[in-house]
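Asker: What follows is a single structure, and I will ask about it in a moment.
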Amino acid sequence: IGHNSAGAEQLRLFIERGERLEEEKKGIAEDVKDVFSEAKGLGFDTKIMREIIRLRKLKPDDLRERNALIQTYAEALGLDLL
């Protein structure tokens with residue numbers, strides 16, 4: 001980039017955009033924390049809620065495969081999950 005003013009301007013814009021997004025991310029993280037704090041205050045298990053959110057992100061086939069493996073491993077260890 002060096003002395004190229006167009007390149008320097010583009011770099012500055014990227015950095016400022018990154019900074020704005022980092023601030024937005026921080027605000028969203030605080031909002032998420034508030035949601036889980038409120039849920040916990042009402043008696044919900046936030047650890048389980050986070051796990052459910054993670055599972056909902058999986059594709060249906062991946063979720064089925066994961067559940068089948070968990071069941072297989074649990075049975076091998078003599079655990080009754082459900």
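The values are calculated or read from the model by the stated rules, or taken from the named source; none is laboratory data. All of these numbers come straight from a predicted model, not from anything done at the bench. Cβ placement follows ideal geometry from the backbone for every residue including glycine, while neighbour counts extend to all protein chains displayed. We work out accessible area using only protein heavy atoms, side chains counted, and drop any ligands, DNA or RNA first. Shrake-Rupley method; radii C 1.70, N 1.55, O 1.52, S 1.80 Å.
Asker: Relative to the longest principal axis of the chain, what angle (0 to 90°, nearest 10) does the C-alpha long axis of helix 60-76 take?
Answerer: 40
Asker: Measure off, as a whole percent, the carbon and sulfur share of the 1.4 Å-probe accessible area of the range 31-82, all protein chains present.
Answerer: Accessible surface attributable to carbon and sulfur in the range 31-82 totals 59 percent.
Asker: Please compute the volume of the convex hull spanned by the alpha-carbon atoms of the chain and report it per residue in Å³.
Answerer: Spread over its residues, the Cα hull of the chain gives 168 Å³ apiece.
Asker: Hey, what's the chain come to in accessible area per residue, 1.4 Å probe, Å²?
Answerer: For the chain, the solvent-accessible area averages 93 Å² per residue.
Asker: Follow-up question, since we're still on this one. Quick one: putting +1 on the C-beta of Lys and Arg, -1 on the C-beta of Asp and Glu, what dipole do you get for the chain around its Cα centre, in Debye to the nearest 20?
Answerer: Using Cβ point charges on Lys, Arg, Asp and Glu, the chain gives about 100 debye.
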